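Remarks on the structure that follows.
The values are calculated or read from the model by the stated rules, or taken from the named source; none is laboratory data. This structure is a prediction, so every number in the text was calculated from the model and none was measured. Cβ placement follows ideal geometry from the backbone for every residue including glycine, while neighbour counts extend to all protein chains displayed. Protein only, heavy atoms only, side chains kept; ligands, DNA and RNA dropped before computing areas. Shrake-Rupley method; radii C 1.70, N 1.55, O 1.52, S 1.80 Å.
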Amino acid sequence: MADSLNTVQNGDLHVGVTENAPWVIGQKGTPTGLEPQLIKELASRWNTTVHWHWGTESELLDALGSNQIHLAVGGFSQSPHLRKRAALTKPYFVSELRVGFKTEAAIPRDLIAVHVGIRRLQSLTGPLEERHAYPAFIDQLGDQDLPVATDDWRLEAYRRFPGPWVLRTAKHVMALPKGENGWMMEVQRYLNGLNPESIRQRLITLERESAP
């Protein structure tokens with residue numbers, strides 16, 4: 001699979017996916033979620049067949065490194081770790097991670113001594129402690145009395161009002177095999193044509209649909 005663009009244009013697109021709702025939803029079979037939608041739109045340019053391959057992030061990166069797949073997705077954010085192992089597109093969507101409150105009137109002047117709910121996998125403990133807030137681990141974002149910290153679009157999905165503090169940003173990318181410049185140009189051309197506000201609204205809708 002050394003010439004990805006030629007293979008895709010001749011009818012087969014092999015995509016590695018790992019679950020990370022609402023970016024990728026499912027654990028086997030045909031995935032749903034934002035990025036499978038985008039890939040289907042991309043594949044329609046050549047009337048090609050998409051073959052889905054489920055795995056962990058590490059397995060997908062290994063598969064890219066040995067040219068077993070053409071593309072890998074799973075809500076990936078740009079990072080040095082990913083860049084070492086794969087060629088990354090330019091960010092096609094940027095999230096700001098903020099603290100959201102139940103009402104606009106509840107937004108304080110600062111986060112000192114404010115208890116803030118976070119999910120364990122979002123690495124927000126440090127940024128919150130820098131602002132002297134008290135992070136509290138939670139399993140679900142919905143129906144929390146606490147303020148919650150997460151992506152700005154997810155706050156909107158749960159009808160939370162974001163405070164002014166940007167805890168960090170997440171620059172979302174897709175991963176490709178290294179050295180596939182022609183294929184990278186085609187994928188990037190497609191991503192460049194996406195409307196960030198449309199992506200945001202699709203994420204909000206998917207999050208609301210998948211919320212427990």
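The set of residues in segment 96-114 being open to solvent by less than 70 Å² (accessible area, probe 1.4 Å) and in a helix (DSSP H, G or I) consists of ALA106 alone.
Scoring GLN68 on the criteria (1) touching a residue at least 24 places away in the same chain (Cβ under 8 Å); (2) out of contact with any strand residue (DSSP E or B) (no Cβ under 8 Å at 6 or more places or on another chain); (3) of a type outside the set (A, V, I, L, M) leaves a single failure, condition (2).
Of the conditions (1) under 16 Å from ASN192 (Cα atoms); (2) open to solvent by less than 10 Å² (accessible area, probe 1.4 Å), PRO91 clears all except one; give me its number. Every listed condition holds for PRO91 apart from (2). For GLY100, are the conditions met, namely being more than 24 Å from ALA21 (Cβ to Cβ) and of a type outside the set (Asp, Glu)? Criteria not met by GLY100.
Going by the structure shown, is HIS115 touching a strand residue (DSSP E or B) at 6+ places or on another chain (Cβ under 8 Å) and either modelled with pLDDT of 95 or more or on the phi < 0 side of the Ramachandran plot (or both)? The answer is yes for HIS115.
Across segment 22-32, a minimum of one residue is classified as open to solvent by 40 Å² or more (accessible area, probe 1.4 Å), farther than 17 Å from GLN188 by Cβ, in contact with a helix residue (DSSP H, G or I) (Cβ under 7 Å, 6 or more places away or on another chain) and not acidic (Asp, Glu).
Would a scan of segment 35-50 turn up a residue that is farther than 26 Å from GLY193 by Cα, open to solvent by 40 Å² or more (accessible area, probe 1.4 Å), free of Cβ contacts under 8 Å to residues at least 60 places away in the same chain and not in a helix (DSSP H, G or I)? No, there is no match, as no residue in segment 35-50 is farther than 26 Å from GLY193 by Cα, open to solvent by 40 Å² or more (accessible area, probe 1.4 Å), free of Cβ contacts under 8 Å to residues at least 60 places away in the same chain and not in a helix (DSSP H, G or I). Among the residues of segment 115-148, those that are assigned to a strand (DSSP E or B), over 20 Å from ASN20 (Cβ atoms) and open to solvent by 90 Å² or more (accessible area, probe 1.4 Å) comprise HIS115, TYR134. Just to be sure before I move on: is ARG200 at pLDDT 95 or above, open to solvent by 40 Å² or more (accessible area, probe 1.4 Å) and closer than 30 Å to GLY16 by Cβ in the structure I sent? Spelling it out, ARG200 is indeed at pLDDT 95 or above, open to solvent by 40 Å² or more (accessible area, probe 1.4 Å) and closer than 30 Å to GLY16 by Cβ. Whenever a residue of segment 160-183 is open to solvent by less than 70 Å² (accessible area, probe 1.4 Å), its partners that are among the polar types (S, T, N, Q) and in a loop (DSSP other than H, G, I, E, B), lying with C-beta atoms within less than 6 angstrom and at least six residues away or across chains, give the pairs VAL173/GLN78; VAL173/THR89; MET174/THR89; PRO177/ASN67.
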